[in-house]
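Remarks on the structure that follows.
Here, each number is a calculation from the coordinates, and none is a lab measurement. Quick caveat, the model's predicted, so the values are computed rather than measured. Cβ coordinates were reconstructed from backbone atoms using ideal geometry, including for glycine residues, and neighbour counts include every protein chain displayed.
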Amino acid sequence: MLAFLYYDFGDSATKVMNNASLLMLSICIALFQSIMPTVLIFPTEMSVLLREHRNCWYSPVNYYVARTLVEMPFTICCPMFMMIFLYWITSQPPVLWRAATVVCLVIQVGSVSQGLGLVVSAASTVQTGMYMALPSASPAFLFSGYFVKVDTVHVVFRWVTYTSHIYHGLQGMFAAVYGFGREPLDCDEETFCFFSEPQEILHELGAESVSLVNKFVVLLGMDLLFRSIALVILLMRLRIKR
């Protein structure tokens with residue numbers, strides 16, 4: 001559906017904001033694809049894990065690592081195939097490193113979202129996790145820098161923006177698509193194009209001074225943090241029930 005809705009938008013100077021919406025929607029899809037299956041499946045495995053842990057069949061750490069490795073192909077492949085198709089059909093810049101960066105950022109955001117889902121589901125039941133999953137991700141949406149720019153957010157709450165994995169992923173995608181010396185976008189001669197220059201686009205989107213390396217490092221750190229917290233909560237629950 002997105003492919004037909006945003007067909008050939010990527011290189012048009014008159015559709016820059018629409019193209020930015022496409023990048024935001026791509027991240028949202030990756031988040032939902034990652035967080036919802038986690039909160040549905042992970043709590044149902046707790047009773048089996050508790051029984052097998054009592055029988056000393058394996059440790060919770062081994063279970064947790066094995067579960068992460070089993071889910072890794074789905075965590076990577078689903079967003080990757082989606083973004084490769086969308087990137088091509090929406091006429092984003094045909095540069096390999098730009099396409100690879102966008103795909104990797106969406107995968108990383110999905111992985112962080114999965115880690116957040118693990119935290120929620122490790123501390124709750126299936127029913128509670130269903131209700132808590134989306135509210136737990138709401139701050140990341142609200143402070144993503146897309147709906148309200150960072151410099152317009154009140155200084156008291158501005159720091160929350162930098163804890164949003166959606167913000168870091170989206171800023172990195174904007175920089176990968178429009179930054180680093182991209183040529184001016186196509187503009188019809190009969191139309192005045194305010195966003196024909198990529199630097200003006202980045203300024204409008206608040207991504208004119210983005211370091212892609214920093215974004216990947218921050219997302220990786222958030223991913224490891226969420227998964228570590230989920231493991232600690234899991235160990236605490238098993239110890240209490242034991």
Nearest 10 degrees, 0 to 90: helix 126-142 Cα axis against the chain principal axis: 30
Per-residue [θ]222 nm for the chain (sum of -39500 (n - 2.57) over DSSP H runs n ≥ 4, rounded to 500): -23500 deg cm²/dmol
For Thr90, distant residues with modelled amide H under 5 Å away: Asp8
Furthest towards positive pole of dipole, Phe180, Tyr58, Trp88, structure part the chain, Cβ charges: Tyr58
Entry for percent of Cα pairs over 27 Å apart (calculated from the structure that is shown) out of (1) 51; (2) 40; (3) 33: (2)
For the chain, the longest site-free run once GluC sites (Glu not before Pro) in DSSP loop states with at most 11 other Cβ atoms within 10 Å are removed: 1-188
Relative contact order (percent, whole number), the range 8-241, Cα cutoff 8 Å, 6+ residue spacing: 30
Theoretical gain in end-to-end length, Trp57 to Val217 [0.36 nm per residue, Cα-Cα removed]: 54.0 nm
In nm, spacing of pseudo-spin labels at Ile89 and Asp186 (7 Å Cα→C-beta vector): 1.8
Centroid-to-centroid separation of the range 126-186 and the range 6-33 [C-alpha atoms, Å]: 14
Cα gyration tensor shape of the range 75-184, rounded if a/c is under 1.5, else prolate or oblate by comparing a/b with b/c: oblate
Sites excluded, chymotrypsin sites (Phe, Trp or Tyr not before Pro) in DSSP loops with at most 16 other C-beta within 10 Å, longest stretch of the chain: 59-146
Max mean-square fluctuation residue, GNM over the chain, Cα-Cα springs under 10 Å, options Val126, Val155, Val95: Val155
Coil-residue trypsin sites (Lys or Arg not before Pro) of the range 100-199, DSSP, other Cβ within 10 Å capped at 12: Lys149
